[in-house]
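Visitor: Here you go, one structure.
Since every read-out is calculated from the coordinates, none of them should be taken as a lab result. In this text, all values refer to a predicted model and were calculated from it rather than measured experimentally. For neighbour counting, all protein chains shown are included, and Cβ atoms are generated from backbone atoms with ideal geometry for every residue, glycine included.
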4 protein chains.
Amino acid sequence: MNNLSAELSEATINQVREELQSKTVRATSPEMEEILYKPISVLDHGFIRAIDYMGTDASIVQAARVSYGAGTRKIQEDRGLINYLMRHHHTTPFEMCEIKLHIKMPIFVARQWMRHRTASLNEHSARYSVLSSEFYIPEVSQLAKQSDINKQGKSSAEFDRNHANEILKILEQSSHNAYERYSHMLDDLSLTRELARTILPISIYTEMYWKIDLHNLMHFLKLRADSHAQYEIRCYANVILEILKKWLPITYEAFVNYQKEATSLSKKNRELIKRMLKGEKITQENSELSKGEWLEFTAIFDIKD
Amino acid sequence: MNNLSAELSEATINQVREELQSKTVRATSPEMEEILYKPISVLDHGFIRAIDYMGTDASIVQAARVSYGAGTRKIQEDRGLINYLMRHHHTTPFEMCEIKLHIKMPIFVARQWMRHRTASLNEHSARYSVLSSEFYIPEVSQLAKQSDINKQGKSSAEFDRNHANEILKILEQSSHNAYERYSHMLDDLSLTRELARTILPISIYTEMYWKIDLHNLMHFLKLRADSHAQYEIRCYANVILEILKKWLPITYEAFVNYQKEATSLSKKNRELIKRMLKGEKITQENSELSKGEWLEFTAIFDIKD
Amino acid sequence: MNNLSAELSEATINQVREELQSKTVRATSPEMEEILYKPISVLDHGFIRAIDYMGTDASIVQAARVSYGAGTRKIQEDRGLINYLMRHHHTTPFEMCEIKLHIKMPIFVARQWMRHRTASLNEHSARYSVLSSEFYIPEVSQLAKQSDINKQGKSSAEFDRNHANEILKILEQSSHNAYERYSHMLDDLSLTRELARTILPISIYTEMYWKIDLHNLMHFLKLRADSHAQYEIRCYANVILEILKKWLPITYEAFVNYQKEATSLSKKNRELIKRMLKGEKITQENSELSKGEWLEFTAIFDIKD
Amino acid sequence: MNNLSAELSEATINQVREELQSKTVRATSPEMEEILYKPISVLDHGFIRAIDYMGTDASIVQAARVSYGAGTRKIQEDRGLINYLMRHHHTTPFEMCEIKLHIKMPIFVARQWMRHRTASLNEHSARYSVLSSEFYIPEVSQLAKQSDINKQGKSSAEFDRNHANEILKILEQSSHNAYERYSHMLDDLSLTRELARTILPISIYTEMYWKIDLHNLMHFLKLRADSHAQYEIRCYANVILEILKKWLPITYEAFVNYQKEATSLSKKNRELIKRMLKGEKITQENSELSKGEWLEFTAIFDIKD
C-alpha cells in the first residue's frame, strides 16, 4: 500500500494498459476502454478507477429481446427499447452489465457504501496491513453549522474564516495524534495490528475493489448522488456517473431522465395535479396533505401558495 | 426463436465473432475467447454457449491482495494463493469474476436452475412469443424403474427395449398432442398466448441468458454436477465445468480438489478417523452413528465392516 | 399431499390453532392471529394461508428510531413516521417484518413467483412425490382473444359462449390426457417420477412455503397486483394485499398511497406539468415526448388533447 | 441513546415484557420467550438481546416435509430429519426461521459484521444523533505482541503488566481526547454532526437492530465463532450460540456436529486417509501436499510424523 502512489503513476498505468492489451470478441465500450485503470481524484486523498466491465448498451437490448421476443419487435431502435425498459421498471436486462471499480475513500464513506448489499467487495484489512497516514480533512467550503431544522444536513450558514480554521486545526491535530499513537503502539509496544488500529478515526482512508451489476449501481447512484446523501459520498457518486456516461451512453441518459431526476408521485398527489390541471385552486387546507407533505409537493412543482 | 438455428449456425457465429473483434485492455482469457458465442450441445435439443465473461485467475489474486495486503506476501505464486483461498473458504475474491451464458433447456430443468437465486436471468417469455415445438425426450439408457430404495435416483435395473419403446412412444405422443392443441388454440381459436401455453408440458424447451459470479457458479456446480442431482441438469453442469476449465484453469483445479470432490466431515466422523488412525477397531456399534450415517461414513473412506 | 383437503378442513385447522395456542411476549398482530393457518381460496383449486409472521407496525417504527434517533423525535406518531419512511423510500425498517405463507398455485404462476429472488421457498417436489390431478382451468370470463396491439395482454374482446366452451373442452381434455399418461407410466410402466412428470402441463397445481420480508413483499405486490401482471398471479397478489391489511394496517395504507398507486414521473414529465400549471398549452408536438410516452403521460393525468 | 441504560434496566424490561404479553397461535419456543428483550453483556460496554424470532425446530421439519413429501416419510423423528438436512446441506428449510437481535458493539466489530450481506440491519446514525462516550478498551489478557508467524492472530507471548498498562493508558487517553474534541466541535463550534463524528475512533460503540434467517445466521456463526475470527467478534458469536441453543435446541446440536465443528476434507486429503486406513505410512513427501497443507492436514487428525 505504501507504494500505491507509484503503482498509480501515469507511467505505471500506461505500462499495465500496454501489457494487458489484447484482442477480444466480447462486447466492448470504446470510451470505457480509454479510462480503464486510470484513477480519478475524489476528495483530498481518494480516487475511483474502473478496473473492468462487462457489457454495453447493446447487451441490455440483447437480454431484453431474449425475454420479450416478439414483444420487442416494434421497438426497432436500441435507444427506444432502453428508454422503454427504464420507464417501465423492467429491471432485469440491466443486471446483465457489470462493473468493477477500485476506490479509495474514508472509512465513514465506506460504511455508508457497504449498506448496498447486492455487490461484491474486497476491502483492505487493517488486521493484515498497516494503514497509511491519510485522513479526510474537509475543505473550508464544506464546513457548516448544524441546522436546527434539517436534522440530517447542514444549514446554509457557512463559517467565517477564523471559525473554520479553528475546526480544521482540530481535525488535523486529532488525526495526527491518533496516527502517532497508532505507530507508537505498533512499533514500540508491539501491539497487534488488529487492536492498535482501533484508535484510528473513521476519517482515515481505506481502499476496496467493488463489483456491482448495472441495476444495483443505478440504485446506488439514485440514493448517493441525491442531495440528501452526505456530501462526501456524493462526490464519489458523481464521479461514477461520469464513468457510467462513458461506459453506457444511452443507458446513462435514460437513467437520468426516468430514475435519477424522476419523482415518485403518490396517489393523493396525482389526484391533486389532476384537479389543478382542471383549474381547481388547491391549498394545503383542501389538499388533505399534512404540512410536511404539502411543502414537499409544492416544492416539486414550484407551486406558490 | 424460429430462426434460432440460423442464428446459431457456424457461419453466422463466425461473422458475429469477426464483427465484434476489437482491442481491449481488460483481463482476457485466451482459451475462453476461442469458444465465445459457440453453442455446445446438451441433451436432445439444448445447448450452452458463453456470451461474455469478466476476469481471469489473475483477477482473483488481485482482489485477494487488496484485502490481505501484507498477509499474502509470503504466497508468491498465483496457484498457491488460489489454492489457499479455496481451501480456507475465503470466498469473496471469487465473486470478482463473472460469466454470462445463453442456455436452452427443458422447463423442468429451468425450474431447478432458478432455485439458485444469486444470479441474473432473462428467460424467453411465452406470454410474448410463441414457443417452438421442441420437447425433451430421454434416451433409452436414461429410462429406468423408480428405485424402491433411493426415492430420488434411478434403479440400476434398466428396462428392456420393448418396455422402453412404449414409454418413449407415450412421451412423444403426449408432446405432439399438447403442441397441436396449443397451435390450434392460438391459430384457430385466437386464445391469448398466456393461456394457450398453460397446456404445454414441462419437457418443452425454453431459453435464457444467465449471468452469475464465479463464487455462486461454483456453488451451483457443486450441487448440480453432483450424483444426487437429476441427470438432465447434471448434463448442463458438466458442460459448464468444461467452460470453467477453459476460462480459469487454476481455479478449476482448486475447485475440483477442495470443493467439488471434497467431503464435509462432521465432528463425530473426524473423531472416528482419529481413533481408527490410532489403530482402534470401529464398528457401527461403537461409532455412536445412526445406521444411515454409518453407511455414508464407510462409503466415503471405502471402509469394510 | 393426497389428504391435503383433510389437513386443511376447518376442524383440523381449529385443532391445530388450539394446540399451538400459547403465551408470547413477541409483538403480536391481533387481526393476523385470527386468520393464521386458515386457507383463503384463489382460482379453481388454489389457496393462500398465512403460517407465521414477525413484527407489527410498531416494529417498523422501533427499527427506524434506532437508526434515526434524534432525527425521528419530531414525528411523534407511528402513522406519521411510517408515512414518512414510505414516502422517502427509507426501506430498511420495512425489512424488519417477515411473513410466511403456504400457497397452492399452478406451475406457470409459480414460475413468475420465483423470479422474486429475495425470499425463501420450499416447493413440493415431483421427484419425491406423485402430483395430484388438479389443473387450472380458467373461467369463461377470463378467456379472451390475443390482442394485436398489446403483445402482452389480451384484448377486451371476449368470446361468445360456444367459442369459449370449445376452448375449455380442449384445456380439460388436455389435462386429463396428460394425467392419465403420467399415472400409466408411473403405475404400469414403473418409470421414475422425475421423468414421468415431464409430460405434465404447467397448468398443474404445485405448493410451496414462501417466506419474505415486508420490503420485498411490497415490491412483489407492486409488480404482481399491477394491471400488467397476468390475471392469475394478480388474484394471488390481491389476496396477499388483504392479508397485509390485517397484519399491518398502517403500513398497508401508506403502501397503497405512496407505492402501489403511486406514479413515477420522469424529469421531462415533471417539467411538462410545471409548464401546464403555469397555464401553458402542451401538445405532443411541443412536449418533446415520443408518441408512446405522450399517451402514457396523458393517461396518468386524464389529459385530453 | 443517553437513557439507554435506563431503557435496559431490569425493571423497564420486565414492564415491557408484561405489557407485550399476549396469546398467539404461532410456533413458540418456550426457552426463547424467557430471554426476549433481556440484554446479555459482551465486552466492556456491549450487549446482545433477542427482540423477536420466527419459527422453532418444528418449523424446519414442516418446511422440509412440504418439499420432500413422500421422501421424508421414513424419517419419523424431527431430530433425525434435522440431522439429515444439516448433514446433506439441504439448506432451504433452515431459511424458514428468522431472528431479530439488538446489538451494541464497537464500530470495528460492526464493520466485520456488515460483511454478512444477507441480513437486514438498522444501525444508529451519527448523522442524526450524538454518540455516547463509550469506547472499547481490551482487557489486559487480550493484549499481545503481533505474532511474526501468524499475521492474523495473536502470539502466545502476553505482555508483562507494565507494558500492558502503558498500552491501556494510550487507548484510554486517545478515546478521551477524541471525544472531548468531538463535543467541543459540536457544542462550542456548532459543526455538523456528520463532520464532527469523523474524528471518532472505530473503538466507539454503535448499536443496531439485526435480522437474519437461520441458514445465514449459522453461516455467520461458523465464520465468526471460529478461532480465526478476531477475538472481539467471537465474543458476540459465542453469545449468539447460547441464544441459538435456547431457541432451537435440536438444530443447535446438529449445527455444532455437522457444520461448526466439521472439517472440509479435500479430494487429496480423503485419498490420503484411505491409504492410511489401509495401513500405508504417509509422510509429507509421499502425500503430494505442500508443506502448509500437510501441516493443516496432520493438525486435523492429530497425526504425528
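Visitor: Mean Kyte-Doolittle of at least -1.0 and a Cα length of 20 Å or more along the axis: which whole DSSP H helices of chain C meet both? Please report the intermediate quantities before stating the final value.
Guide: Numbers: long enough: C:161-187 (38 Å, -1.10); C:231-247 (24 Å, 0.19).
Membrane-span-like by this rule: C:231-247.
Visitor: Tell me, what HN-Hα J-couplings in whole Hz come from the Karplus equation 6.51 cos²θ - 1.76 cosθ + 1.60 at θ = phi - 60° for each residue of segment B:40-55, using x for Gly and Pro?
Guide: Listing the rounded values in order: 10, 5, 9, 6, 7, 10, x, 7, 10, 9, 7, 9, 7, 8, 10, x Hz.
Visitor: Next question. Which of A:GLU31, A:GLU285, A:GLU134 moves most in a GNM of chain A, Cα contacts under 10 Å?
Guide: Of A:GLU31, A:GLU285, A:GLU134, the most mobile in the Gaussian network model is A:GLU285.
Visitor: Relative to the Cα centre, what is the charge dipole magnitude of the protein assembly as shown, using +1 at the beta carbon of each Lys and Arg, -1 at the beta carbon of each Asp and Glu, and rounding to the nearest 20 debye?
Guide: It comes to approximately 0 debye.
Visitor: Over all pairs of distinct alpha carbons, what does the Kirkwood formula give as the hydrodynamic radius of segment A:5-146, in Å?
Guide: Working: mean 1/r = 0.0533 Å⁻¹.
Kirkwood radius, segment A:5-146: 18.8 Å.
Visitor: Mind jotting down a quarter of the surface of the convex hull over the alpha carbons of the protein assembly as shown, in square nanometres, one decimal?
Guide: For the protein assembly as shown, the mean projected area of the Cα convex hull comes to 50.2 nm².
Visitor: Considering every residue in B:99-107, what mean count of other chain Cβ atoms within 10 Å of its Cβ is obtained?
Guide: Taking all residues of B:99-107 together, the mean is 2.
Visitor: Which chain C residue puts its Cβ closest to the axis that rotates C onto B, and at what distance in whole Å?
Guide: C:ARG117, 2
Visitor: Highest GNM mean-square fluctuation, chain A, Cα pairs closer than 10 Å: which of A:ASN162, A:ASN286, A:ASN83?
Guide: Between A:ASN162, A:ASN286, A:ASN83, it is A:ASN286 that shows the largest mean-square fluctuation.
Visitor: Using a label point 7 Å beyond Cα on the Cα-Cβ vector, give me the inter-copy distances for C:SER9 in nanometres, one decimal, shortest first.
Guide: For C:SER9, the inter-copy label distances come out at 5.6, 6.5, 8.5 nm.
Visitor: Of the residues D:GLU293, D:GLU207, D:GLU242, which exhibits the maximal mean-square fluctuation in a Gaussian network model of chain D defined by a 10 Å Cα contact cut-off?
Guide: D:GLU293
Visitor: Please compare each pair in A:LYS274/C:LYS281; B:LYS304/D:LYS278; A:LYS169/D:LYS169; A:LYS268/A:LYS304; B:LYS274/D:LYS267 to a cut-off of 21 Å on the Cα-Cα distance and tell me which ones are over it.
Guide: Long pairs (Cα-Cα over 21 Å): A:LYS169/D:LYS169.
Visitor: Calculate I(q)/I(0) for segment B:168-263 by the Debye formula, one identical point scatterer on each C-alpha and no solvent, and give its log10 at q = 0.10, 0.24 Å⁻¹ to two decimals.
Guide: The calculated log intensity ratios at q = 0.10, 0.24 Å⁻¹ are -0.47, -1.21.
Visitor: Any idea how far apart C:ALA58 and A:GLU7 come out in nm if each label point goes 7 Å out from Cα toward Cβ?
Guide: 5.3 nm
Visitor: Further, regarding this structure: So who's got an amide H within less than 5 Å of the one on D:TYR136, skipping anything under 5 residues away but keeping other chains? H placed 1.01 Å off N, in plane.
Guide: When sequence neighbours closer than 5 places are left aside, the close amide H contacts are D:ILE204, D:TYR205.
Visitor: While we're looking at this one, here's another question. Per DSSP H run of at least 4 residues, take -39500 (n - 2.57); add these up for chain A, divide by its residues and hand me the 222 nm value, nearest 500 deg cm²/dmol.
Guide: So the calculated ellipticity at 222 nm is -13500 deg cm²/dmol.
Visitor: Please compute the volume of the convex hull spanned by the alpha-carbon atoms of segment B:91-134 and report it per residue in Å³.
Guide: Here the figure is 99 Å³ per residue.
Visitor: Ok, one more. Could you work out, residue by residue across B:38-49, how many beta carbons of other chains sit within 10 Å of that residue's beta carbon, and then give the average as an integer? Before the final figure, lay out the partial values.
Guide: Details: counts 0, 0, 0, 0, 0, 0, 0, 0, 0, 0, 0, 0.
Rounded to a whole number, the mean comes out at 0.
Visitor: Placing the label point 7 Å from Cα along the Cα-to-Cβ direction, what are the distances from B:GLU285 to the equivalent spots in the other copies, shortest first, in nm to one decimal?
Guide: The answer, with the shortest distance listed first, is 4.2, 9.5, 10.0 nm.
Visitor: Okay, next question. Put a point 7 Å out from Cα along the line to Cβ at B:SER141; what are the distances to that point in the other copies, in nm, shortest first?
Guide: 5.5, 6.3, 7.2
Visitor: Averaged over every viewing direction, what's the projected area of the C-alpha convex hull for segment D:168-208? Give it in nm², one decimal, please.
Guide: 3.2 nm²
Visitor: Moving on. Return the FRET efficiency for the residue pair D:GLU280, D:HIS89: r is the Cβ-Cβ distance, R0 is 25 Å, and the value is rounded to the nearest 0.05. All intermediate terms of the calculation are to be shown ahead of the outcome.
Guide: Numbers: r = 31 Å, r/R0 = 1.23.
That pair, D:GLU280 with D:HIS89, gives E of 0.25.
Visitor: Looking only at Cα atoms, what is the convex hull volume of chain B per residue, in Å³?
Guide: Residue-normalised Cα hull volume stands at 184 Å³.
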